[in-house]
Amino acid sequence: MLLRVIATDYDGTIARHGTLSPAVRAAIRKARERGVLVVIVTGRIFSELRHVAGCLDFVDGVVAENGAVVVLPNGHTTLLGRAPPLALLSKLTERGIEFKVGRCVVEMDAEFASVAISLIRKLELPLAITFNRGRMMLLPASISKGAGLRELLDTLGVSVHNAVGIGDAENDHELLNCCEHGVAVSWGSQRLKDAAGYVIEGDGPDAVAEYIDRISADIRLPLETNTHRKLVLEEIEGQLPFEIPIRGRNVLIAGGTKSGKSWLAGLLAEQQILHGYTVYAFDPEGDYGSLASLPNTVVLGGGRMLPHGEDLRMLLQQGLSVVLNLSHLSHDDKSEYVQRHLPLVAEHRRARGFPHRILLDECHYFLGHSQGKHLLDSQLDGYTLVTYRPALLPASVFKLVEVVAVTKLTEPSDVDVLRQQLRGNEDMYRESRTWHEQLANLGIKEAALLPPTVEAEGKLRRFTVAPRLTSHVRHRTKYFNIAVASGREFVFTSGGRAIGKSAATLKELVTAAKSVPAAVLANHNQRHDISNWIAVMFCDHEVASIVHKLELAHHTPQTATDFVDKLAAVIESKYA
């Protein structure tokens, strides 16, 4: 994954007694010259920061007041909170407590915490206390360094999943948790060090300068072993979930036809999208359409609006997760589309950092030749490759893979290829000779991790695939008998009054349509209600397009009499 941002605390991290380390300033300059954005995320009031640090044009933005104030390089300021309540300031003044007031924050010595809590309760204020060593800050509960950083990076068009966060104290937990890679300094809070993915050893800001210089020399985010973002493969009641991190790792998912491999790939994609990552899926068979129900995710293609060339470039700028449904194309056209556009997506990721993961189903069709390896960016990784014929993949592709998951696989030659591509010891190889039977007997809801996956611990590790939030297109009994959510049923109406039974499935839709008068059908056809319902509820734009044409041809009571039989034929030919 690409490194795009370094977000660092100020006091105690890159500055001592308010003075910025010259070595840090030089390291920041070098990082920015390399194309990495650097921002300061501090608890200080902005005017105070500017006083001690001088002109702030040496960074790409500032988050001040512990996340409440976001300042862009051009000086534009966004407030995430309101001004401090006057009633609170008056009460603090009456008690003779010294405090500082910013645009949103009230800051004072931590010894007055009990007084602050008492006043917050008495005045019924929606404020929370955040400690920073010997000081404390009063702010709205929703405000943190993480919230402020998200606001800043959203404005700059950068993802927090391409960011490294560096801090030293209690108020930096949300900063580190927000960033993809959290870093603490060894001279800081022990709790923060325990939560961090990496600890900078040293005794002051110059050690941070060395770290910034080192990581900004590589285009990739630093790897970590104790990342807080993991994907769940298996959930068993009463046991800890079986999880794996896949950032910076290429994943190969192999399995026979209808074995559940696309379901497993969809599970991983779904979880990443819900974590806020962006995913681009090249979907040759239309298996991932249900991901469109997830936040900031769209499905394009399947007969309409498949982006090409510059249109895809423009779409990439939006930061959405996208499923490119190629099911309507011929095999040659699918190959041509992938050959042209897979490198284009990877090129954008190298420049902007997203999409964070690229999924390629039926990958053997596109990578199983001498030029296939050139379609993959070997430096940034982040690919999920799905295939039912691993034997057709070249060795160069296997060398890029760090996680191998297999669903039911009965073809001996495919299992043999997986064995031959092992990178491990002799004991591991001997055990792999039993894989034929084990992989052939996996259930529809089962899969196995294979070496070289670290979490497999040198052997075949079976697991029951965790449930998904979204359904799988292919395993919805082709949508024919699976009901939509309550309240989303199709209801035939006349004059605003429901007619007959509502339809929660496509099968019920056909049945209900047969009992509706022709005049009612004609009114629905004139509005294209049925085709719109199919498109929205099932994301099947191919069938929706066919039904749309039927509606155009059967929009009068006289012609509507033939509509139901033709509707049934279209639905049953694909789904039944």
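Of Asp172, Asp218, Asp203, Asp287, the sequence from fewest to most neighbouring Cβ atoms within 10 angstrom is Asp203, Asp218, Asp287, Asp172.
Tell me which of Ala483, Leu2, Gln420 sits at the most positive position along the dipole axis of the chain, charges placed on C-beta atoms (Lys, Arg +1; Asp, Glu -1). Looking along the dipole axis, the top candidate is Ala483.
Specify the angular offset, from 0 to 90 degrees and rounded to the nearest 10, of the alpha carbon long axis of helix 331-352 from the longest principal axis of the alpha carbons in the chain. The answer is roughly 10 degrees. Eigenvalues of the alpha-carbon gyration tensor of the chain, scaled by 5 and square-rooted, set the equivalent ellipsoid semi-axes at 49, 34, 22 angstrom, largest first.
Can you check what the net charge comes to around Glu551, using other residues whose Cβ is under 9 Å from the Cβ of Glu551 (Lys, Arg +1; Asp, Glu -1)?
Values: positive: Arg527, Lys549; negative: Asp529.
Cβ neighbours under 9 Å give a net charge of +1.
Counting only lysines at least 8 places from Lys549 when in the same chain, those with an alpha carbon closer than 23 Å to its own are Lys478, Lys507, Lys514, Lys566, Lys574.
Hey, fewest Cβ within 10 Å first, where do Val115, Val63 land in order? Please report the intermediate quantities before stating the final value.
On the way: Val115 14, Val63 31.
Taking fewest neighbouring Cβ atoms as first place, the list is Val115, Val63.
Computed over neighbours whose Cβ is under 15 Å from that of Leu125, the net charge equals +3, Lys and Arg +1, Asp and Glu -1.
Between rounded, prolate and oblate, where does the stretch 81-142 land on the alpha carbon gyration tensor, with a ≥ b ≥ c its root eigenvalues, rounded for a/c under 1.5, else prolate if a/b exceeds b/c?
Values: a/c = 1.24, a/b = 1.03, b/c = 1.20.
Verdict is rounded for the stretch 81-142.
Were the residues from Asp311 through Ser502 laid out at 0.36 nm apart, the gain over their Cα-Cα distance would be 64.8 nm.
Taking the Cα centre of the stretch 169-244 as origin and charging only Cβ (+1 Lys, Arg; -1 Asp, Glu), how large is the dipole, in debye to the nearest 20? Can you show the working numbers first?
Working: 6 positive and 16 negative charges, 16 e Å.
So the magnitude is around 80 debye.
Partners of Lys399 within straight-line reach, counting lysines whose Cα lies under 29 Å from its Cα and excluding those fewer than 8 residues away in the same chain: Lys230, Lys258, Lys261, Lys334, Lys373, Lys408, Lys445, Lys459. In straight-distance terms, cross-link reach from Lys145 covers every one of the lysines whose alpha-carbon lies under 22 Å from its own, apart from those fewer than eight places away in the same chain; here that gives Lys100, Lys193.
Averaging Cα coordinates gives a centre for the stretch 1-71 and one for the stretch 181-253; these two points are 21 Å apart.
When both bridge partners sit in the chain, DSSP labels roughly 45% of those beta bridges antiparallel. Whole-Hz Karplus values for the stretch 561-570 come out as 5, 8, 5, 5, 4, 6, 4, 4, 5, 5 Hz, taken residue by residue from phi with 6.51 cos²θ - 1.76 cosθ + 1.60 and θ = phi - 60°; glycine and proline positions read x.
Please give the Cα centre distance for the stretch 279-297 versus the stretch 128-168, rounded to the nearest Å. About 32 Å separates the Cα centre of the stretch 279-297 from the one of the stretch 128-168. Exposed loop sites here mean GluC sites (Glu not before Pro) with a DSSP loop assignment and at most 11 other beta-carbon atoms within 10 Å; the chain contains its longest site-free run at 238-456.
Here the dipole of the chain is about 700 debye; that uses its Cα centre as origin and unit charges on the Cβ of Lys and Arg (positive) and Asp and Glu (negative). Using r as the Cβ-Cβ distance of Val115 and Arg527, and R0 as 41 Å, what FRET efficiency do you calculate, to the nearest 0.05? Approximately 0.05, to the nearest 0.05.
Along the axis of the charge dipole computed for the chain (Cβ charges of +1 for Lys and Arg, -1 for Asp and Glu, origin at the Cα centre), the listed residues Thr561, Ile97, Gly248 are led at the positive end by Thr561. Cβ crowding within 10 Å, taken as a proxy for footprinting-reagent exposure, orders Ser290, Ser21, Ser502 from fewest neighbours to most as Ser502, Ser21, Ser290. For the stretch 490-561, the set of trypsin sites (Lys or Arg not before Pro) satisfying both a DSSP loop assignment and a count of at most 10 other C-beta atoms within 10 Å is empty.
Any idea what the dipole of the stretch 81-142 comes to, in debye rounded to 20, about its Cα centre with Lys/Arg Cβ at +1 and Asp/Glu Cβ at -1?
Values: 9 positive and 6 negative charges, 29 e Å.
With Lys and Arg at +1 and Asp and Glu at -1, about 140 debye.
Note on the chain: helix-only mean residue ellipticity at 222 nm, from DSSP H runs of 4+ residues weighted -39500 (n - 2.57) and normalised by residue number, equals -10500 deg cm²/dmol.
Residues with beta-carbon under 14 Å from that of Gly81, excluding Gly81: net charge, scoring Lys, Arg +1 and Asp, Glu -1? Neighbour charge sum, excluding Gly81 itself: 0. Dipole of the stretch 336-404 computed with +1 at Lys/Arg Cβ and -1 at Asp/Glu Cβ about the Cα centre; of Phe366, Leu393, Leu380, farthest Cα towards the positive end is Leu380.
Based on the Cβ-Cβ distance from Ser47 to His436, what FRET efficiency comes out when R0 is 60 Å, to the nearest 0.05? Write down the numbers at each step before the final one.
On the way: r = 70 Å, r/R0 = 1.17.
In this case the efficiency is close to 0.30.
Assuming R0 = 25 Å, can you tell me the calculated FRET efficiency for the pair Leu72 and Ala128, based on Cβ-Cβ distance, to the nearest 0.05? The pair Leu72/Ala128 has a calculated efficiency of 0.45.
Each reported figure results from applying straightforward, stated rules to the coordinates on display, with no laboratory input. The structure presented is a predicted model; accordingly, all values stated were derived computationally and were not measured. Backbone-built Cβ (ideal geometry, glycine too); neighbour counts: all protein chains shown.
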